[in-house]
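Single-structure report; data block below.
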Amino acid sequence: MRILSLLLPLLIFSAAEAADIKRPATVNFSSCVKPEWPKESLRKEESGTVYIKFLIDEEGKVLDTSIQKSSGSALLDEAAVNGIQRCGFTPATLNDVAVRGWQKMQYVWSLETDEFLRKTKENVAKYRTAALAGDAGSIYQLAQLFRKGIGFPFDNDKYIKLLRLSAEHSYAEAEYELGANYTSGVLLPKDLDQALIWYQRAADHGNAAAQYRLAEFYASGTTVLSDPAQAAAWYRRAAEQGDHDAEVALGRMYETGQQGQKNTGQATIWYRRAADAGNTEAAYLLGNLYLQAKDVEQAVPWLTMAANDRIENAEAALANLYFSGAGMPQNDVEGMRFLRRAAMAGNGPAMRQLGLMLSQGLRAAVDTDEGKVWLDRAARLGHPGRPDEPVHFAF
């Protein structure tokens, strides 16, 4: 029996906003030590993939963790968290200033049992035969085996060679993945012009993820002229295939009027589709729309869903609902807990509010020293405040 494991970042690619450019925290893979397989899990032959979020501070240190989806084994989840948090991280930046931010990762625990090896050998033989006959899908599957080190030793050169061959045979998944590799710059030199070419090909062949990425290029003006109409068209094509990131992005365009007149009705529809599927960013945006409409009763469950997944804007909004007692029982302890979580995650307005409240002893014991720390951090992010300013528990 051989142990396989794989550490992967969840690639984040987002269009630059008009005012602020935020880049996510990144992990330095060369600094990572492979998590140790728990003996009890190994004895039980447990395996699975765990999805984790790490809160990285301004110095690249891990402040907090959140398991988004379990591997199915609490022991494997804990081992992955304990191992990965010892990696070296580069902090997120806001307009090139280091800030706190979440980094999503996944860790794959896999065992090469006799049955697994037998099936792998069968698949390798099947893929080889079909690949030699020119089947682009089989070439892509062989590439994945070299990438993951399954059935073969890990070989990045062979992975890229086979991936490119599959993409050149117009296999949409390979075209998209080649574009993603050019975007990330991890396994290939970063080249956004090449990324755009492959995303376009994959998008034309119906790949929803590529359609979303292509829309992001047009939305941000990356390597192409900014074109909101093109962005909206590609977002819609991806959203209609059920891509939840595209549903969120299309909702934003309707909410802000980027693709014409503002339309909160359409924004609500697209946010709701994504939120119903478990997308917590959409849950926050949907809850915020209900807040703007003064429909607190509808807002609370969506904001709670997002806050439980550590979406800091939702944590800040929920804090003020607790402080004001709107839509839920008034609770200063819960309000302060969510406000601190939002501030810890780098939310500038939350930092400012926490600094003011601590400076004045509002809803908590007065602490002018800590209050000053949070006000200074907020000011560095463009949210200055005086210690004696009035505090409004707005929502």
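The values are calculated or read from the model by the stated rules, or taken from the named source; none is laboratory data. Please read all numbers here as calculations on a predicted model, not as lab measurements. Neighbour counts are summed over all protein chains in view; Cβ atoms, including those assigned to glycine, are modelled from backbone coordinates with ideal geometry. Accessible surface areas use protein heavy atoms only, side chains included; no ligands, DNA or RNA. Shrake-Rupley method; radii C 1.70, N 1.55, O 1.52, S 1.80 Å.
Here are some notes:
- Sulfur and carbon atoms: percent of accessible area, the chain [1.4 Å]: 50 percent
- Whole-Å distance, taken between Cα centres, linking the stretch 341-377 and the stretch 159-192: 46 Å
- Given the alternatives (i) 21.1; (ii) 23.1; (iii) 32.4, mean projected area of the Cα convex hull in nm² as computed for this entry is given by (i).
- Segment Glu334..Glu389, full-extension length gain: 17.5 nm, with 0.36 nm per residue of separation and the alpha-carbon distance subtracted.
- Tail weight of P(r) past 19 Å, computed on alpha-carbon pairs of the stretch 176-314, percent: 54 percent
- Helix axis angle, 348-360 relative to the chain longest principal axis, alpha carbon, degrees: 30 degrees
- For the chain, the mean residue ellipticity at 222 nm estimated from helices alone is -17000 deg cm²/dmol, where every DSSP H run of n ≥ 4 contributes -39500 (n - 2.57) and the total is divided by all residues, rounded to the nearest 500.
- A simple spin-label model places pseudo-atoms 7 Å from Cα toward Cβ; at Lys39 and Lys161 they are separated by 4.3 nm.
- Cross-link pairs exceeding 19 Å in C-alpha to C-alpha distance, out of Lys61/Lys104; Lys53/Lys372; Lys104/Lys161; Lys121/Lys148; Lys34/Lys148; Lys121/Lys161, comprise Lys53/Lys372; Lys104/Lys161; Lys121/Lys161.
- Principal-axis tilt of helix 228-239 within the chain, Cα atoms, nearest 10 degrees: 70 degrees
- Percent RCO, i.e. relative contact order, over the chain, from Cα pairs under 8 Å lying at least 6 residues apart: 9 percent
- Alpha-carbon Rg/Rh ratio, for the stretch 117-228, with Rh computed the Kirkwood way: 1.05
- Trypsin sites (Lys or Arg not before Pro) restricted to DSSP loop in the stretch 19-51 with at most 14 other C-beta within 10 Å: Lys44
- Ranked from largest to smallest solvent-accessible area, with a 1.4 Å probe on the protein heavy atoms, Phe29, Phe338, Phe154 come out as Phe154, Phe29, Phe338.
- Surface per residue (accessible, 1.4 Å probe) for the stretch 122-222, Å²: 44 Å²
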